[in-house]
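Inspection log for the structure reproduced underneath, given as C-alpha cells.
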Number of protein chains: 4
Amino acid sequence: MGKGRLEAFSDGVLAIIITIMVLEMKVPHGETLEALLPLLPVFLSYVLSFIYVGIYWNNHHHMLQASQQVSGAMLWANLHLLFWLSLIPFVTGWMGENYFAAAPTALYGVILLMAAIAYWVLQRTTIGAQGPDSLLHTAVGRDLKGKISPVLYVIAIPSAFLSQWIAGGIYVLGALIWLVPDRRIEHVLRNQKT
Amino acid sequence: MGKGRLEAFSDGVLAIIITIMVLEMKVPHGETLEALLPLLPVFLSYVLSFIYVGIYWNNHHHMLQASQQVSGAMLWANLHLLFWLSLIPFVTGWMGENYFAAAPTALYGVILLMAAIAYWVLQRTTIGAQGPDSLLHTAVGRDLKGKISPVLYVIAIPSAFLSQWIAGGIYVLGALIWLVPDRRIEHVLRNQKT
Amino acid sequence: MGKGRLEAFSDGVLAIIITIMVLEMKVPHGETLEALLPLLPVFLSYVLSFIYVGIYWNNHHHMLQASQQVSGAMLWANLHLLFWLSLIPFVTGWMGENYFAAAPTALYGVILLMAAIAYWVLQRTTIGAQGPDSLLHTAVGRDLKGKISPVLYVIAIPSAFLSQWIAGGIYVLGALIWLVPDRRIEHVLRNQKT
Amino acid sequence: MGKGRLEAFSDGVLAIIITIMVLEMKVPHGETLEALLPLLPVFLSYVLSFIYVGIYWNNHHHMLQASQQVSGAMLWANLHLLFWLSLIPFVTGWMGENYFAAAPTALYGVILLMAAIAYWVLQRTTIGAQGPDSLLHTAVGRDLKGKISPVLYVIAIPSAFLSQWIAGGIYVLGALIWLVPDRRIEHVLRNQKT
C-alpha cells in the first residue's frame, strides 16, 4: 500500500489546522494600533501553536520518509493523531482570548499531551509495520525527546493553576527541544545512501 | 486517465470537512472549566463525525488502491459522495448545539444514509469501470457492511423521534462495524502480490 | 516545467471553495425541522454552486490531462480563473440569503460570466503552450459549449431584474449542458492510445 | 529527502490563505447593489492580497523547480515564510474594513516586509542546500527584484501615516514588478535542457 495518500491527507489536515487558527484572531473594529493590543495574547498563542503544528508536520515528514510500508493500523493511528491536533485551534483561541487563564492554559497542555501520546502510538505502529531491523527503528533509537515531552506537559498541566508563567514557559521549552528537525532520521537516511 | 487528481481532490475536500467541523465548537467566553460544559454535546457529535469522515477516507483510499481505471462517470459519482459528506459539518453542529434533539438527530441519519447510498453508487461505478473479473470486484465481494449500514440508518431516523439514545446508539454502532479498515481489499491486494 | 504543482494548487483552492460554501449555511438556533425552512434557498444555491465548481474541476482536470507543457502565462491564467471562482461562495451566500432577489441573482451571473471568460483565456493559453497540432487543440475543437455558456450568462444577468425564475432557470440550464464531462477530450485521449 | 511533501504542504497552506481571505468579505444583509458599496475597499484589498499570494506561490514554484536537495533548515525556513503569509488574511481584512486607514495600511506593509525577508531567507537556505555552482544560484543571480521589494515596503510603512494613497500605490507597484513570473529561472531551466 502506498504512503502517498497518507501523506497527502495529513498534509491537507495539518495545512488547514495551521491556517484556520489565524481566524481566531478576529479583525478588530478600531483602526488604531491600540485596537490591536487586546489581540496580543491571541497572537502569542497563535505563534506557539503554529510552531507546535510545524514541529508535528516536520517530524511526521521525517518518520514517513524513513518508512516503506503502510498498514491499516497506521491509517487509524494517523487519524487519531490528527484528531488531537485538530483541537489545537480551539484551545489556542480559548487560551489566547482569556489572557492565559488557568483552566484554558491547563487544557492546552492536555491537548499537547494527548497529541504527544498519539504521535508515540503512531510511531510504534509505523515501526511495527516496517518489520524488525527497519531503518526507522534504528533512526528513532531511544527517542529521548519523545519521552521527555509528555513528562513536561504532565508537569505543566497542574502548574497552570499555580502560575500561568510556569505552564507557558514549559510549553515554550517543550517546543524548543523539538525545533531542531529529527536529525537522527536525517542522519541514518544519509548514512544508508553511503 | 490517472487516478492521482481524483485522490488529491477528494483528500483535499475530506481534509477540509474533517477540520472545519471543529469551527462549530465556538470558543467559550468564560475562562473556567465549567464554561466548557455546554460544549460537551458539540464535542461528542464532533468525535462521532470525525470517525465517520475518517471511515469514508479509509474506505475511499482502499477502493481506489484496488482500481486502475478512472472513468468520467466515476468523477461525478465521487463529487456526489463529497456533496453529502460536505453537509456533515452542518448537521454535526445542529445536532450538537441542540443537545441531540429529535429533528437534528434524525437529519444526521438522513445525511449518513445519503452518503452511504452515494458511496455504494461510487463503488458500483468504480467496479464497472474496472471491467469484469477485476481485483476490486473480488475484494468487495458480497459487501455485507455496505448493505447493513443503510439499513441501520433507516431504522435510526424514525427512532430519533422516539428516543435520541436509540438513534445515537445506532450511529455509534454504524461507526463501530466500519472502524476496521476494509480488510477484504487489503487481503486480496496482498494475495495478488504473492 | 511540471504540471503537478499547478494541479495540486488548483485542487487545493477548488476543494476549499467547494467546502467553505457550506459555512454560509449557518446552523439554525431552533431544533425543529421548521427551523430549517429559511435555509432552503441557501441550500438550493449551495447545490447549484457545488455543481458549477464540480464542472470547473472536471473540465480543468480533462484540460490538463491532455496537456504536456506548462508555461508561466498558464500559471497566471490559472490564478485568474481561481480568483473568479473564489468569489462564488460570496455570491452564493448573498443570493441564497436574499431568496434569489434581483441584484444578487444578477451578480451571480456576472461571476459565472467572468469565470467562463477566465476559463476560455486559460484554455487559449494552454493550447498556445502545447504548440500547433497538439492533442488538446484537436480535443477542444470548435468548443461549442464554451461559446454557448457566456451567451447564456449575458442573457441571464439583465433578466434577473425581470424575473428571478428566468435567470435561475438559465443558470440551471448552463450547468446541465456541462454536466457531461468533456467527452471530446476523453475521446481523443482514448483514440491516441489506440 | 524529497521535495514533494514540502511542495504539497506549502500548496495546501497557500491555497487556504488565498481562499479564506474571501471569508472576510461578509455577505451583506441588504439585497440591493448599494449594499455592496461598503464592501468595495474590502474587495480591493482582497484583490491586492490575492495577487501577492499568487506571486509568492509562483516564485515558490519556480524556486523549488530549480532545486534538487531539501534540507531540514529549508523546512523551517519554509514554515517561517508560511507564518508571515498566514497573517495576510488578517491584515487584509483590517485594512479593507477600515477603508485603508493609516495604521492598518502600515501594518499591511510590515507583513509584506516580513514575508519578503522570510522569502529571502528561504532562498538563501535553498541555494545553500544545493551546493555551489547550482542551477538555482545561477538563476537567481543578482536578485534585483528581491532587493527592491523590501526597500519599497520600508518606504511605504511610514508613508501610510502621511497618505494612504502613497502607501497603497507602493504596494500596487511592489506587486507589478513581481507579476511577471521569475523568467530568470525559467530561462536557465530551458537553457540547461538544451
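State whether one or more residues within the range C:144-163 are among the β-branched types (Val, Ile, Thr), within 14 Å of chain D (Cβ to nearest Cβ) and part of a helix (DSSP H, G or I). The answer is yes; a qualifying residue exists. I'm trying to understand the selection: among the residues of the range A:34-78, which are under 26 Å from B:TRP178 (Cα atoms), assigned to a helix (DSSP H, G or I) and polar (S, T, N, Q)? Scanning the range A:34-78 gives a single hit, A:ASN78.
Could you tell me whether any residue of the range B:19-28 is open to solvent by 10 Å² or more (accessible area, probe 1.4 Å), away from chain A (no Cβ under 14 Å) and more than 21 Å from B:VAL172 (Cβ to Cβ)? Within the range B:19-28, none of the residues are open to solvent by 10 Å² or more (accessible area, probe 1.4 Å), away from chain A (no Cβ under 14 Å) and more than 21 Å from B:VAL172 (Cβ to Cβ).
Taking the conditions (1) among the aromatic types (Phe, Trp, Tyr); (2) outside any helix (DSSP H, G or I); (3) more than 12 Å from chain C (Cβ to nearest Cβ) in turn, B:TYR108 satisfies each one other than (2). Of all residues in the range C:89-103, those satisfying the criterion of being surrounded by 24 or more Cβ atoms within 10 Å (Cβ to Cβ) and touching a Ser or Thr at 6+ places or on another chain (Cβ under 6 Å) are C:THR92, C:MET95, C:GLY96.
Return yes or no: is C:LEU37 more than 9 Å from every other protein chain (Cβ to nearest Cβ), without any contact (Cβ under 8 Å) to a residue 40 or more places away in the chain and of a type in the set (A, V, I, L, M)? In short, yes.
Each residue in the range A:53-86 was checked for being open to solvent by less than 10 Å² (accessible area, probe 1.4 Å) and at the interface with chain B (Cβ under 9 Å from one of its Cβ atoms), and 5 of them qualify.
For the range B:125-136, filtering for residues that are in a helix (DSSP H, G or I) and over 20 Å from the mean Cα position of the chain (by Cα) leaves 4. Answer with yes or no whether B:VAL42 is open to solvent by less than 50 Å² (accessible area, probe 1.4 Å), farther than 16 Å from A:GLU7 by Cα and β-branched (Val, Ile, Thr). It is true that B:VAL42 is open to solvent by less than 50 Å² (accessible area, probe 1.4 Å), farther than 16 Å from A:GLU7 by Cα and β-branched (Val, Ile, Thr).
Pairs under 7 Å by beta carbon, first residue under 16 Å from C:GLY4 (Cα atoms) in the range B:1-28, partner outside any helix (DSSP H, G or I) and open to solvent by 10 Å² or more (accessible area, probe 1.4 Å), six or more apart or different chains? The qualifying pairs are B:MET1/B:VAL70; B:GLY2/B:VAL70; B:LYS3/B:VAL70; B:LEU6/B:VAL70.
Taking only the range C:1-13 into account, find how many residues are more than 7 Å from every other protein chain (Cβ to nearest Cβ) and under 17 Å from the mean Cα position of the chain (by Cα). Residues flagged as more than 7 Å from every other protein chain (Cβ to nearest Cβ) and under 17 Å from the mean Cα position of the chain (by Cα) within the range C:1-13 amount to 1. B:GLY128: more than 21 Å from A:VAL13 (Cβ to Cβ), more than 9 Å from every other protein chain (Cβ to nearest Cβ) and open to solvent by 10 Å² or more (accessible area, probe 1.4 Å), yes or no? Here the answer is yes, as B:GLY128 does meet what is asked. The residues of the range B:79-99 that are modelled with pLDDT of 95 or more and not in a helix (DSSP H, G or I) amount to a single one, B:LEU87. If you go through the range C:40-50 and keep only what is more than 7 Å from chain B (Cβ to nearest Cβ), within 20 Å of the chain's Cα centre (by Cα) and within 18 Å of B:ILE111 (Cβ to Cβ), you end up with C:VAL42, C:PHE43, C:LEU44, C:TYR46, C:VAL47. Which residue, of B:ALA118, B:ALA139, is part of a helix (DSSP H, G or I) and within 14 Å of chain C (Cβ to nearest Cβ)? The conditions single out B:ALA118.
Taking the criterion of being touching a residue at least 24 places away in the same chain (Cβ under 8 Å), farther than 26 Å from C:GLN123 by Cβ and more than 17 Å from the chain's Cα centre (by Cα), the residues of the range C:137-180 that qualify are C:PRO158, C:ALA160, C:PHE161, C:GLN164.
Please go through the range B:104-123 and give me each residue that is surrounded by fewer than 24 Cβ atoms within 10 Å (Cβ to Cβ) and polar (S, T, N, Q), ordered by number. Answer for the range B:104-123, where residues must be surrounded by fewer than 24 Cβ atoms within 10 Å (Cβ to Cβ) and polar (S, T, N, Q): just B:GLN123.
The values are calculated or read from the model by the stated rules, or taken from the named source; none is laboratory data. Source: prediction; values computed, not measured. Neighbour counts run over all protein chains shown; Cβ positions are idealised from the backbone, glycine included. Just the protein is used for accessible areas: all its heavy atoms, side chains included, with ligands, DNA and RNA removed. Shrake-Rupley method; radii C 1.70, N 1.55, O 1.52, S 1.80 Å.
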